[in-house]
Amino acid sequence: MNTTQLEAYMNELVDVFNRHEADAFAAFYTQDATAYDPQYADQLKGRDAIKKDIEDFFTALPDIRATVLSSVAAGDTIAFEVEMTGTHDGPLVTPDGHVPPTNRPVRFLGSRVIRFNSQGQITSCNRYYDLAGIMQQLGLLE
């Protein structure tokens, strides 16, 4: 897979994310894909788990938008820095339960390291972001 293809997949994935199309977003992943996220003790496993996670995220932050700030690609992997902004207007699902809407804006930087198979589907996605900073913005941490 070449750099141009990886960047095109990344851009399409971010576009689908910004349109909040959970089904289309999940379709980027293989049936047995994994996703690491710092809020979970274990990786998300499988397309259905990843779809549920993104649906919950869109419910919590219905106006969430992502902007890619930089990216680097090699082999079957692309890594990119992303800025996300949104408003916490819906229940936020966490491993410890639901956080009711705070109606507060959030802005955070994060990165993704995504591996694709030869058909252009994601086999693994590692998400990195400042979870404590998000919770502080929502008024959940002092």
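Read the figures in this text as sums done on the coordinates, not as results from a lab. Quick caveat: nothing in here was measured; it's all calculated off a predicted structure. All Cβ positions, even for glycine, are placed from backbone atoms using ideal geometry, and neighbour counts span all protein chains on display.
Among D130, D37, D76, determine the one that fluctuates most according to a GNM of the chain built with springs between C-alpha atoms less than 10 Å apart.
Highest fluctuation of the listed residues: D130.
Could you state the angle between the C-alpha long axis of helix 3-18 and the longest principal axis of the C-alpha atoms of the chain, as a value from 0 to 90 degrees rounded to the nearest 10?
Roughly 30 degrees, rounded to the nearest 10.
Taking θ as phi - 60°, what are the ³J(HN,Hα) couplings along segment 75-88 by the Karplus curve (6.51, -1.76, 1.60), each to the nearest whole Hz, with x for Gly and Pro?
Computed from phi, the couplings for segment 75-88 are x, 9, 10, 10, 10, 8, 9, 9, 10, 10, 9, x, 10, 7 Hz.
Whole-Å semi-axes of segment 1-60's equivalent ellipsoid, largest first, each the root of 5 times a Cα gyration tensor eigenvalue?
Values: eigenvalues 81, 45, 22 Å².
Semi-axes (√(5λ), whole Å): 20, 15, 10.
Report, by chain and number, residues whose modeled amide H sits under 5 Å from the one on T34, excluding near sequence neighbours (fewer than 5 apart, same chain).
G46, S124, C125
Report the dimensions of segment 3-137 along its three principal axes from the alpha-carbon atoms, largest first, rounded to Å.
42, 28, 25
In which sequence would H98, H20, H88 go, from the one with the fewest C-beta neighbours within 10 Å to the one with the most? Provide the component values of the computation, followed by the final result.
Values: H98 12, H20 18, H88 24.
Ordered by Cβ neighbours within 10 Å, fewest first: H98, H20, H88.
Using label points projected 7 Å from each Cα along Cα→Cβ, tell me how many nm separate Q31 and T87, to one decimal.
Roughly 4.1 nm, to one decimal.
Spin-label point model (7 Å from Cα, Cβ direction): what's the T4 to Q43 distance in nm?
Spacing of the two 7 Å Cα→Cβ label points: 3.1 nm.
Per residue of the chain, what 222 nm ellipticity follows from adding -39500 (n - 2.57) for every DSSP H run with n ≥ 4, rounded to the nearest 500?
Values: 4 runs with 43 residues, N = 142.
Calculated at 222 nm, the ellipticity per residue is -9000 deg cm²/dmol.
Short version: ³J(HN,Hα) in whole Hz for each residue of segment 30-44, in order, from phi by Karplus 6.51 cos²θ - 1.76 cosθ + 1.60 (θ = phi - 60°), x for Gly and Pro, what are they?
Each residue of segment 30-44 in turn: 5, 4, 10, 4, 10, 9, 8, 9, x, 7, 10, 5, 10, 5, 6 Hz.
If you fit an axis through the alpha-carbon atoms of helix 47-60 and take the longest principal axis of the Cα set of the chain, what angle between them do you get, 0 to 90°, nearest 10?
With rounding to tens, the tilt is 40 degrees.
I need to check one value: relative contact order of segment 3-137, counting alpha carbon pairs closer than 8 Å and at least 6 residues apart, in percent.
Details: 266 pairs, mean separation 31.8, N = 135.
Rounded, it is 24 percent for segment 3-137.
Given segment 30-91, what whole percent of its Cα pairs are spread farther than 20 Å? Mind dumping the intermediate values first?
Details: 821 of 1891 pairs.
The share of Cα pairs beyond 20 Å in segment 30-91 comes to 43 percent.
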